[in-house]
1. Of all residues in segment 315-338, how many are in contact with a Leu (Cβ under 7 Å, 6 or more places away or on another chain), assigned to a strand (DSSP E or B) and of a type in the set (Gly, Ala, Ser)?
2. Restrict the check to segment 192-200 and report whether at least one residue is of a type in the set (D, E, K, R) and within 27 Å of Ile290 (Cβ to Cβ).
3. Could you tell me which of the residues Ser248, Ser227, Ser190, Ser274 is open to solvent by less than 50 Å² (accessible area, probe 1.4 Å) and either over 30 Å from Val139 (Cα atoms) or not in a strand (DSSP E or B) (or both)?
4. Checking the condition within 22 Å of the chain's Cα centre (by Cα), β-branched (Val, Ile, Thr) and over 22 Å from Tyr147 (Cβ atoms), which residue from Ile290, Ile286, Ile267 passes?
5. Checking Leu59 against (1) in a helix (DSSP H, G or I); (2) open to solvent by less than 10 Å² (accessible area, probe 1.4 Å): exactly one of these is not met. Which one?
6. Report, by residue number, each residue of segment 200-222 that is part of a strand (DSSP E or B), within 27 Å of the chain's Cα centre (by Cα) and hydrophobic (A, V, I, L, M, F, W, C).
7. Does Leu37 qualify as being touching a Leu at 6+ places or on another chain (Cβ under 7 Å) and either within 16 Å of Pro161 (Cβ to Cβ) or modelled with pLDDT under 90 (or both)?
8. What strands (runs of 3 or more DSSP E), lying completely within segment 107-166, carry at least 3 residues that are within 21 Å of the chain's Cα centre (by Cα)?
Amino acid sequence: MMNHARVFKKTAPNGKITVYVERRELVIREEGGIQPLHGVLFVDSNYVKDRKVFGQFVLTFRYGREDEEVMGLRFCNEACLQAQQLWPAPEGEDQDHKHLTPLQDTLVKRLGSGAVPFIFNVSSLAPPSVTLLPARTYVGAPIGTNYDLRIFVGESPEDKPHKRSSIRMGMKLYQLASGMERSLPYAAASKQLLLADGQVEVEATLDKAVYERGEPVNVNVSVSNHSTRNVRRIKVLVVQYVDVAMFSNGKFKNIVATMDSTEGCPITSGATLSRQFELQPARGTIKNWIALEEFYDRESALASSVTRPDAEERNVFAIYVSYYVKVKLFTSAIGGEVSVKVPFKMMRRQTTDDAETNTTPLPESHPESSGGEPPKSPSQPTSPQEAASPQPEDPQEAGVPKETATPPLQDEVVTDGVPITTSQSMFDLTSSDPRRGTAKTRRSPPSRSTSEDSGKCSVAGHTCVDTDRFRASVQVQSRERSGRLVDSAC
């Protein structure tokens, strides 16, 4: 029985360099570290010659609309979290390949001498990926916190990358549920109504502390009316709360699920009521900025909860997302209302499938490969690169050869007894066209903040920072920052 692994691939427009990565979604571990990024770089040595190939893991924080950037004003900040030379391998680096993952070992053996394995260890201070969607129609570069893996050919790290010899692949960082939440969320409140004797008590309990995206939220509501007024109706809401740490006024609320009921009402004086409500959080009509998992997918799921490890520290590049259920009891125009809030988390509980399949060990009885034979060009169909690859974010800026431009969703290539499945980009969307009866692919344009816009930065158009400097720059108190989020729709 053969093991299966999935790999994400992208080739430069000139077809001379190709990058393979095991996953595009990295997990932020509970203990504080971030899952390392493993990959393999294939280089055409005849093209590179005496030049070098460099890699960067870049954080892009966009805090304003791209269509409002005029006269050189840019609402975007970039920080290079890690930069390293990939080709040729630096002197003194361990070349025995003893610590390669099974997928890296398979690719290196199959691709031959032009393949170089690499690993990126991202700083633990990097915040999770969150994309914001404004209330007004917007089709520009994604707003929020995003990450890119950038590979380019040059003489030195300070060289300006050329589009035809560079690769840019989107990445994502996300948090996992800690699994420590064992008690069910609960909240209770009571209120003395205006011009009435007695109080109205309300209790709300959720069936879970952490929900997966797409799961319904079950709310148990108990009402006890000890006042002289009647409770006329009950309203239950699920609210998404967004806090942009860089700005003092960057806080937004959006109702993502609601239910209004008069069943069992009115609740007269001295009566009680217990009911269960089921709500399905989803994106709807918005009045403010809303946090989504994927910006360009118009049916994108809501963003996962983003928690801060220390309540007193704020990462200026972070966008904190939280959810809570609000139960409101309406009595009368004079009596007012009674409300209670119950917070919960909406997060993933396990890693993605590709993270699991790529850790499967290789069988000991697999046939030996002919790794010494030089590989063919990436454009030739007999190469393992014939497997389908993730779509580029912008075909005009980072296009790929024709055979990799519109890949199928799954295409397997048997390599050393291990079928390697190359997967379509998570940023590509396929929708059907009923007029033609065919499927068409929409490609999401990347951020326009490419290397040609930032030639005055230190390393390949970006600012590289070490861990100590990055820690000092991103951790500030909320009271020490003030600003204005650039968008007139708020």
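The values are calculated or read from the model by the stated rules, or taken from the named source; none is laboratory data. Just so it is clear, the model here is predicted, and its values are computed rather than measured. Neighbour counts are summed over all protein chains in view; Cβ atoms, including those assigned to glycine, are modelled from backbone coordinates with ideal geometry. Just so you know, the surface numbers come from the protein's heavy atoms only, side chains and all, with ligands and any DNA or RNA stripped out. Shrake-Rupley method; radii C 1.70, N 1.55, O 1.52, S 1.80 Å.
1. 1
2. So far as segment 192-200 goes, no, none of its residues is of a type in the set (D, E, K, R) and within 27 Å of Ile290 (Cβ to Cβ).
3. Just a single option satisfies the conditions, and that option is Ser227.
4. On inspection, the qualifying residue turns out to be Ile286.
5. Here Leu59 meets the rest and fails (1).
6. Those that are part of a strand (DSSP E or B), within 27 Å of the chain's Cα centre (by Cα) and hydrophobic (A, V, I, L, M, F, W, C): Leu206, Val210, Val217.
7. No: the conditions fail for Leu37.
8. Hits in segment 107-166: 130-133, 143-154.
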